[in-house]
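For reference, the structure discussed in these notes is given below.
The values are calculated or read from the model by the stated rules, or taken from the named source; none is laboratory data. Quantities reported herein were computed from a predicted structural model and do not represent experimental measurements. Here Cβ is always computed from backbone atoms with ideal geometry, including for glycine, and neighbour counts include all displayed protein chains. These accessible areas exclude ligands, DNA and RNA; they are computed on the full protein's heavy atoms, side chains included. Shrake-Rupley method; radii C 1.70, N 1.55, O 1.52, S 1.80 Å.
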Amino acid sequence: MTEADRLAQLADQEERLQFTKFDNETALALGQRLLAAARERELPVTISVRRNGQRLFHAALPGTSADNDAWIDRKSRVVDRFGHSSFLVGTQFRAKGGSFEQDSRLDPDEYAAHGGVFPVLVRGVGPVGTVGVSGLPQADDHAFVVEQLELFLADGGK
């Protein structure tokens, strides 16, 4: 897959995976879905769901460490700043022949454009938070979040 193809795929995901509303109960239900799926697959991931900068759900499964918390924080800052998934932002920089770390002029200790954190998008409003995981290779982190968002939204956000 070319970087252009990947960018189109990532942009399509953001267009499709939008909520009609997102409150604390929705965040908790989404976090529980990710947690159940990760437990079922025995994935070593940390999970975070935030709204307006407030962490509403956080879980760390066996095989994770405080480093995974730091990765989620760094990836979430990218999503908060750019309004797009951390994977899409990193891919945009690579598609231009550069790297996020060198070309963004942002502190890499604070920002990481690696896959795994997705914007919580409310249709007609825009980004209101983040949902993410850390612990797998970046493409797998991203794919897991997207898969779970697709299932959650298909179930009516429950």
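How large, in percent, is the carbon and sulfur part of the accessible surface of region 69-132 at a probe radius of 1.4 Å? Ligands and nucleic acids excluded, carbon and sulfur give 45 percent.
Note on surface exposure: Leu28, Leu136 rank Leu28, Leu136 by accessible area, highest first, 1.4 Å probe.
Please report the relative contact order for the chain, taking Cα pairs under 8 Å with a sequence separation of at least 6, and give it as a percent rounded to a whole number. Relative contact order here is 29 percent.
Charge dipole (Cα centre; +1 on Lys/Arg Cβ, -1 on Asp/Glu Cβ; no other charges) of the chain amounts to roughly 360 debye.
Toward the positive end of the charge dipole of region 5-139, about the Cα centre and with charges on Cβ (Lys, Arg +1; Asp, Glu -1), which of Leu28, Gly116, Gln102 goes farthest? Value computed over the given set: Leu28.
Averaging 1/r over each pair of different alpha-carbon atoms in the chain and inverting the result gives 15.4 Å, the Kirkwood hydrodynamic radius. Exposed loop sites here mean GluC sites (Glu not before Pro) with a DSSP loop assignment and at most 13 other beta-carbon atoms within 10 Å; the chain contains its longest site-free run at 43-109.
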